[in-house]
Each structure stands twice: as C-alpha cells, then as structure tokens.
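In what follows, a structure is listed as structure tokens, so that the remarks can point back to it.
The values are calculated or read from the model by the stated rules, or taken from the named source; none is laboratory data. The shown structure was predicted, so the numbers you read here are calculated from the model rather than taken from an experiment. Backbone-built Cβ (ideal geometry, glycine too); neighbour counts: all protein chains shown. These area figures cover heavy atoms from the full protein model, side chains too; ligands, DNA and RNA do not enter into them. Shrake-Rupley method; radii C 1.70, N 1.55, O 1.52, S 1.80 Å.
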Amino acid sequence: QVHLMESGGGFKQAGGSLRLSCVSSRTIDGFTVMGWYRQFPGKARELVARFTRDGSTEYADSTKGRFAISRDSAKSTLWLQMNSLEPEDTGVYFCNADNFGIPLWGKGILVTVSS
C-alpha cells in the first residue's frame, strides 16, 4: 500500500514563508498527477497547486505568484513553497497523487497564518 506523508506545517505570521513536504512510500515517477490541496473549515477541498499529466504545473488563482510546487523523484518527495502567506491561507493542506486512477491522500497538515 502506498502512503503519502506531509510535514512542514505550523504557525506563521502574515508575510512569512513555509515549505511543505510530502514523502511517498514509493517512487513518485508512476503518479500521473501529483499536487497539493487545502481545506477550510466547513468547505470542500480545493486545489492549491499540482503537476498535471504532461508535467506542467497548475495553480489556484489565489496562490499564483506566491506558492511554488516542485518535486524530486530521487527523493520521492513533493514540496510546496509558500511565500507571502496570508491569514486566508490558514487551513489543512493535503498531498494528493493519482496512482493508476486511484486517488491517494495524505492525512493532512495544519497551516495557521496569523494577521
């Protein structure tokens, strides 16, 4: 069974930066899509950023220019660099991957941004 584990969340003041990591229990080369989602209380999960099937990146409008997604196959790791954090970025962040048509999710990690 493949597992995804997030780390790097925590508390930051507005304007600060955090880097989230997602480590996969197996190589990430086989994932057709891999990315980050977030969830606010009482809301559905929403896309933050992802690598698409052709290897290009896609960002939510609210994160463009502030967040950057990257990956390293050798380390089986996906990252999300979050800069210029805003209180509206507060939420639980999830790593996601498409494993041969089966969606995989990490357990999520909390990011809290104070004003």
All strands (runs of 3 or more DSSP E) inside the chain with 2 or more residues being open to solvent by less than 60 Å² (accessible area, probe 1.4 Å): 4-7, 18-24, 34-39, 46-51, 67-72, 77-82, 91-99, 109-114
With the first residue restricted to region 1-26 and required to be closer than 28 Å to residue 99 by Cβ, and the second required to be open to solvent by 60 Å² or more (accessible area, probe 1.4 Å) and β-branched (Val, Ile, Thr), Cβ contacts under 7 Å at 6 or more apart or on different chains are 5/23
